[in-house]
Amino acid sequence: MNRRRGRAAAAAVLAAALLAGCTPVAQNGDTVSLPAVVPAPVSIEAGTGAPFRLTSATAVNAEADAAAALSAIVEARTGLTLASGDGAGIELRIDPSTGSGAGNAAESYRIAVDEASVSVTGADAAGLFYGVQTLGQLIARDGDEWTVPAVTIEDAPRFAYRGVMLDVARHFHPVETVKAYIDHAASLKFNALHLHLTDDQGWRIQLDSRPELTEKASGTSVGGDPGGFYTKDDYRGIVEYAASRHMIVVPEIDMPGHTHAVGLAYPELAEDPSVSDHMREIIRDYGGDEPRVGAPYDGMAVGFSSLKIHDEATYDFVADVFGELAAMTPGPYLHFGGDESLSTTDEDFAEFVARASEIIADLGKTPVAWHEAGAAAGIADTTVGQYWGFLTPQEGAAEKATAFVDNGAQLILSPADAIYLDMKYPTGPELGLTWANGPTSVERAYSWEPSDVVPGVDDSGILGVEAPLWTETIRTSADIDTMAFPRAAAAAEAAWSPATGASDLRTWASFRERVGALGPLWTSMGIGFHPSEEIPWVTE
Ligand code: ACM
């Protein structure tokens with residue numbers, strides 16, 4: 001697939017409709033009324049008794065992190081401040097035996113609510129955090145009061161890796177915006193933030209070994225907008241903030257293509273831009289200038305840049321960059337891109353991928369690459385592939401993706417025509433692009449099954465699911481929210497919930513009701529979601 005990034009009119013978008021309040025919602029096609037939880041849990045059973053009432057006297061018995069996470073949600077949603085102490089109505093605790101019956105204890109939790117008490121038990125700190133997120137979704141308004149319905153929930157993730165990606169290269173997004181996205185994504189049980197830190201348009205991470213990258217190649221964004229970069233302290237702050245929400249950070253340095261910015265700082269490492277007739281056509285259609293040696297690039301074309309493949313200095317650069325990133329990244333993954341290297345020959349691409357993946361593996365990290373890198377026979381066999389083809393794979397994408405699994409590694413699924421969050425909605429904001437079979441409705445974002453995407457790759461070959469947000473047209477935190485929500489919730493359900501067919505809740509009819517019930521919670525959390533007309537939003 002050759003992506004065509006269209007230049008959408010980047011008009012300012014109105015904040016999502018102000019929706020407040022909440023009522024539990026009946027699940028479609030079911031006779032019992034169940035509270036709405038997204039992503040759908042493994043099991044949820046409504047109790048028969050009266051709900052638990054949240055009041056100004058309600059106290060929570062928990063260790064500090066879990067108590068703080070719950071207090072923040074309760075305060076935002078209800079205005080109530082929870083006290084803390086023994087004999088409290090709400091108990092939050094960790095018990096490693098939780099969820100072992102489901103065969104997947106990590107990140108699992110159990111919730112039991114009756115009229116007298118609320119109990120949330122996590123198998124580990126992450127499980128408890130996810131139980132708290134679910135509890136936040138259960139809080140309902142009852143007139144002037146707040147209740148939690150009587151219910152029992154047992155829950156554990158389907159996939160270990162549940163990611164969102166933010167492109168901070170096409171438009172730079174400051175630390176506060178990244179932290180807000182972490183908060184919003186963590187509430188849907190995402191546990192990985194992939195930062196696309198570099199591209200033709202800018203280099204966004206300060207490195208001591210290569211200071212000119214940010215000095216000379218970070219100043220602009222697409223359309224001539226201002227650029228920026230993260231200092232090492234900024235990056236560490238993001239990593240710490242993510243960890244406090246049980247998310248890892250996966251830094252991506254895209255190579256050997258998508259590297260025009262490298263050439264601004266270190267011209268000796270980069271080939272001159274290679275502008276094909278096909279690219280000229282794209283530039284004509286969508287506007288912007290042609291890339292020029294030594295000048296920042298602020299257009300939207302792709303595929304014209306490459307590092308020099310046959311120069312040892314390139315591999316010194318790769319080792320410096322990933323060595324420094326490895327030291328500041330506690331998570332196991334370093335992403336080296338590998339997509340759309342359209343001006344690098346197949347042989348050169350294979351040589352580069354083999355060496356870059358080996359450099360990362362030698363640092364003790366797991367390399368990650370977009371699925372094109374699967375074509376390289378010499379790729380380090382621990383490399384995780386990230387599939388960004390369509391739901392029906394085209395042009396050899398499935399074969400390249402399958403190569404990672406044949407090597408004994410796994411895939412992250414990011415089907416572009418379903419969960420590329422930068423695709424335009426059918427109606428609504430004038431943001432986003434359409435090249436991935438867009439516009440992309442919430443229903444399309446939801447209606448796919450991970451084990452059906454790459455033929456022959458079932459759950460054992462799937463590490464997880466990630467929803468990328470490219471930012472050619474996305475400038476602000478509000479833009480991010482409106483493109484991501486509610487479609488990120490569809491990706492969260494693909495990543496966390498049982499397979500379609502394995503749960504009555506895993507239908508579009510159920511999802512649209514459940515996600516609609518989250519409107520008041522999202523509003524109270526400051527999530528400026530797109531009030532898509534596909535969803536029956538609850539407003540109070
Ligand atoms: C991609 O969308 N080029 C990974």
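The values are calculated or read from the model by the stated rules, or taken from the named source; none is laboratory data. Worth saying up front: this structure is predicted, and the values here are computed from it rather than measured. We place every Cβ from the backbone using ideal geometry, glycine too, and count neighbours over all the protein chains shown. SASA here: full protein model, heavy atoms, side chains in, ligands and nucleic acids out. Shrake-Rupley method; radii C 1.70, N 1.55, O 1.52, S 1.80 Å.
Of all residues in the range 205-219, those that are small (Gly, Ala, Ser) have Cβ atoms under 8 Å from Cβ atoms of residues that are open to solvent by 50 Å² or more (accessible area, probe 1.4 Å) and in a helix (DSSP H, G or I), 6 or more apart or on another chain, in 209/320. For the residues 172, 159, the requirement of being within 24 Å of residue 45 (Cα to Cα) and either of a type in the set (Phe, Trp, Tyr) or assigned to a strand (DSSP E or B) (or both) singles out 159.
Within the range 467-482, if we keep just the residues that are under 12 Å from residue 181 (Cα atoms) and not in a loop (DSSP other than H, G, I, E, B), the residue that is nearest to the ligand (Cβ to nearest atom) turns out to be 469.
Somewhere in the range 281-288, is a residue of a type in the set (A, V, I, L, M), open to solvent by less than 40 Å² (accessible area, probe 1.4 Å), modelled with pLDDT under 90 and within 16 Å of the ligand (Cβ to nearest atom)? Checked the range 281-288: at least one residue is of a type in the set (A, V, I, L, M), open to solvent by less than 40 Å² (accessible area, probe 1.4 Å), modelled with pLDDT under 90 and within 16 Å of the ligand (Cβ to nearest atom). Restricting to the range 512-534, name every residue that is open to solvent by less than 10 Å² (accessible area, probe 1.4 Å) and closer than 21 Å to residue 432 by Cβ. 515, 522, 527, 529, 532, listed by residue number.
Considering 336, 304, 349, 322, which residue is assigned to a helix (DSSP H, G or I), within 16 Å of the ligand (Cβ to nearest atom) and either touching a residue at least 12 places away in the same chain (Cβ under 8 Å) or crowded, with 17+ Cβ neighbours inside 10 Å (or both)?
Checking each option against the conditions leaves just 349.
The conditions of being open to solvent by less than 40 Å² (accessible area, probe 1.4 Å) and part of a helix (DSSP H, G or I) are met by residue 66.
Sub-8 Å Cβ pairs linking a first residue in the range 368-391 that is farther than 13 Å from residue 336 by Cβ to a second residue that is within 10 Å of the ligand (Cβ to nearest atom) and in a helix (DSSP H, G or I), at least 6 apart or interchain, are 387/371; 388/371; 388/416; 389/371; 389/416; 390/416, ordered by first then second residue. Pairing residues of the range 284-298 that are more than 19 Å from residue 472 (Cβ to Cβ) with residues that are modelled with pLDDT of 95 or more, at Cβ distances under 6 Å and at least 6 apart in sequence or on separate chains, gives 293/272. Per the conditions (1) small (Gly, Ala, Ser); (2) within 19 Å of the chain's Cα centre (by Cα); (3) open to solvent by less than 10 Å² (accessible area, probe 1.4 Å), the sole criterion not satisfied by residue 160 is (3).
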